[in-house]
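FYI, it's all coordinate maths here, none of it is from the lab. Only a predicted model underlies this, so the values are computations on that prediction, with no experimental measurement involved. Methodologically, a virtual Cβ is constructed for each residue, glycine included, from the backbone with ideal geometry; neighbour enumeration extends over all protein chains shown.
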Amino acid sequence: MNNMTTDKQDKYASLHAEIMAVIAGETSRTARFATAACLLSEAFSPRFYWTGFYEVDPNKPDELVIGPYQGTLGCLRIAFGRGVCGISAKNEKTQIVADVHAFAGHIACDPASRSEIVVPVHGQSGKLVAVLDIDSTQLNAFDRVDQDGLEQICHDLLRV
């Protein structure tokens, strides 16, 4: 393992602890998502160009609706199975896309986005409630270290 990998792992571990400390005792899902989006965006700027959550719409459970985010205007709604976010929601699996312009079905909410990672967020019952969507203006900006760090944050976000 190289120093850059270790540094990034350490940064995710520290950020995880910070997010969990800030949201401890907070009952609002919106507040938890807003806090995580803000702290993630600040910690990894400028690599994280757009950082936010798309929540499962309780009135349309096969659609995601924009939630708290940091960045430029996002798409308001995304159907399950459509684009990177919709595929992540449908399959409930993290998606890493090195080049969104080469990804069939990519939804171009912002043409400056070049790569993307989307991580499912489950509630205490284990049911999918949202996805965390992070875009970068850099190609191939996300790797396994990002996936592991973000999955740990998303796993604990609504459970502590």
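General observations
- Residue check for ARG47: charged (D, E, K, R), farther than 23 Å from VAL145 by Cβ and under 15 Å from the mean Cα position of the chain (by Cα): no
- The set of residues in the stretch 116-160 that are free of Cβ contacts under 8 Å to residues at least 12 places away in the same chain and either at positive phi or within 9 Å of the chain's Cα centre (by Cα) (or both) contains only GLY126.
- Selection count, the stretch 112-156, where residues are of a type outside the set (D, E, K, R), assigned to a loop (DSSP other than H, G, I, E, B) and in contact with a strand residue (DSSP E or B) (Cβ under 9 Å, 6 or more places away or on another chain): 9
- Positions within the stretch 36-66 being surrounded by 18 or more Cβ atoms within 10 Å (Cβ to Cβ) and either assigned to a loop (DSSP other than H, G, I, E, B) or of a type in the set (Gly, Ala, Ser) (or both), in sequence order: ALA36, ALA37, SER41, PHE48, TYR49, GLY52
- Scanning the stretch 67-88 for residues that are buried (at least 21 other Cβ atoms within 10 Å of the Cβ) and part of a strand (DSSP E or B) yields GLY67, TYR69, ILE78.
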